[in-house]
Amino acid sequence: MNKFSTLFKNMDKVILTVVLLLAAISITTIASANFTNGILGRDVIVQSVAYILGIIAVCIMMTRNYNILKGTEKYLYILSLVLLLLVYVPGLGIEQFSARSWIKLGPITAQPSEIVKILFILIMAGYLDEHKDDLYNFKGLVKAGIVAAPIILIVLKEDLGSALVFAAIWVVMVFFAGINIGVFAKFFALVAAAVPVAYVFMAEYQRERIEAFLHPENLNLDGNYQVWQSKVAIGSGGFFGKGPFHGTQKALDFIPVQTSDFVFSVIGEETGLIGGMVVIGLFTVMLVRMAGIVRDSIDFYGALIVAGAIGMFMFQTFENIAMTIGLMPVTGITLPFISYGGSSILANVIVMGLVLNVGAHCKSINFN
């Protein structure tokens, strides 16, 4: 208990406060989106339970040093592949939103790729900690890419958005590990050359979304109508918004997937430019504080974990918000800590728990 209280004392309270504020915004927005005839809906309960479970997991994590995870990369890698392949097990894997990315566990559904994001950060942190000196040559970088490729390709087959998140995590982590820019340029050219091949093997709905982004004026293309309605909702919010629970575009169901992919559209309509800027400001503060933990980390492994978390949260935040205003293709990426989804919230909170754990140990305290 003394160790826990000491770690809690050294925990980054600013990050903790930001996450709690985002949780409050999430539950309020989802409650508003689901409010019908005085009933809040099941989503509010699921979201609240996910946060409670996440907080319990973080409390347990804070009793251990994150370094106990070092050396478990091989086991985590196997576990990641098993979890991702579960979606293809008959009777277990199910298809939603044109993608087979979920598994059904009794009355609930879970998205394995969300949990694998946590494992992927730990896998790459362990690998790069041991092989950071190899990244100065092309062969070493290719090996790092080969380590990540099976996981990314499995996710890509069903979920382009999540695959992009994994790729963003990998890029940020290898850059932090000290990659040679010239070597990375060659590697990027190799990957870019493979993009046309990857496009051929994409699912039909994935190609349609890319086509829609390239032709935003065509509302008949999948995704463009949703983005158009999203922009109308955000624009109608004006400077101060229409007020919580008073969004008309939301109430009339013009905003698509309004508790998940397009939750920022609801925030924009009901809280206006001010509310949207507050959300962006909270994410900015969170990422800056996380960068401070990277700077102060007492070992490279811990710094890599936080760097991976930064890549994950930074890309998801940018892609989701940019998607709602038409600056990025519709990919189904959720807004961290705000979008509805038990798997997503649990994964986000656990990743942040790892970040807080690393940050608490930055004080160079000797825990025996």
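Just so you know, all these numbers are worked out from the coordinates, no wet-lab data involved. These numbers were taken from a predicted model, which means no experiment stands behind them. Cβ sites come from the backbone with ideal geometry, for glycine too, and all protein chains shown count toward neighbours.
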Subject >> For the chain, calculated [θ]222 nm from helices alone, where every DSSP H run of n ≥ 4 adds -39500 (n - 2.57) >> reply: -23000 deg cm²/dmol
Original post:
In sequence order, what are the phi-derived ³J(HN,Hα) couplings for the range 304-314 according to the Karplus relation 6.51 cos²θ - 1.76 cosθ + 1.60 with θ = phi - 60°, rounded to whole Hz, with x for glycine and proline?
Top reply: 5, 4, 5, 4, x, 5, 4, x, 5, 5, 5
**OP:** Net charge near Thr331: determine it from the other residues with C-beta under 11 Å of the C-beta of Thr331, scoring Lys and Arg +1 and Asp and Glu -1.
**Re:** -2
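What full-extension length gain, to one decimal in nm, is calculated for Lys139 and Ile60 as 0.36 nm per residue of separation minus the Cα-Cα distance? All intermediate terms of the calculation are to be shown ahead of the outcome.
On the way: separation 79, 0.36 × 79 = 28.44 nm, distance 3.96 nm.
Using 0.36 nm per residue and subtracting the Cα-Cα distance, I get 24.5 nm.
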**OP:** Add +1 for every Lys or Arg and -1 for every Asp or Glu among the other residues with Cβ under 14 Å from the Cβ of Lys157, and state the total.
**Re:** -2
Original post:
What order do you get for 247-259, 173-185 when each peptide is scored by the mean count of other beta carbon atoms within 10 Å, highest first?
Top reply: 247-259, 173-185
Subject >> Using θ = phi - 60° and Karplus 6.51 cos²θ - 1.76 cosθ + 1.60, couplings along the range 100-117 (whole Hz; Gly, Pro as x) >> reply: 9, 10, 10, 10, 9, 10, x, x, 10, 10, 9, 10, x, 4, 5, 6, 5, 4
Original post:
In the Gaussian network model of the chain, springs joining C-alpha atoms below 10 Å, which of Gly161, Gly91, Gly238 carries the largest mean-square fluctuation?
Top reply: Gly91
Original post:
Considering the chain as a Gaussian network with a 10 Å cut-off on Cα pairs, which listed residue, Asp159, Asp12, Asp133, attains the greatest mean-square fluctuation?
Top reply: Asp133
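Given the peptides 280-290, 346-356, arrange them by the average over their residues of other C-beta atoms within 10 Å, most packed first.
Working: 280-290: 17.2, 346-356: 23.4.
Highest-to-lowest ranking by the protection proxy: 346-356, 280-290.
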Original post:
Can you tell which of Ala125, Ala198, Ala307 shows the greatest fluctuation in a Gaussian network model of the chain with Cα springs below 10 Å?
Top reply: Ala198
**OP:** Give the whole-number value, in cubic angstrom per residue, of the convex hull volume spanned by the C-alpha atoms of the range 117-257.
**Re:** 169 Å³
**OP:** Would you mind listing how long the chain runs along its three principal axes, going by Cα atoms, in whole Å with the largest first?
**Re:** 56, 53, 43
Original post:
How far, in nm, would the chain grow between Phe175 and Tyr75 when pulled straight, counting 0.36 nm per residue and subtracting the alpha carbon separation?
Top reply: 33.5 nm
Original post:
Can you list the HN-Hα couplings for the range 83-93, worked out from phi with the Karplus curve (6.51, -1.76, 1.60; θ = phi - 60°), rounded to whole Hz and with x for Gly and Pro?
Top reply: 4, 5, 7, 4, 5, 9, 6, x, x, 10, x
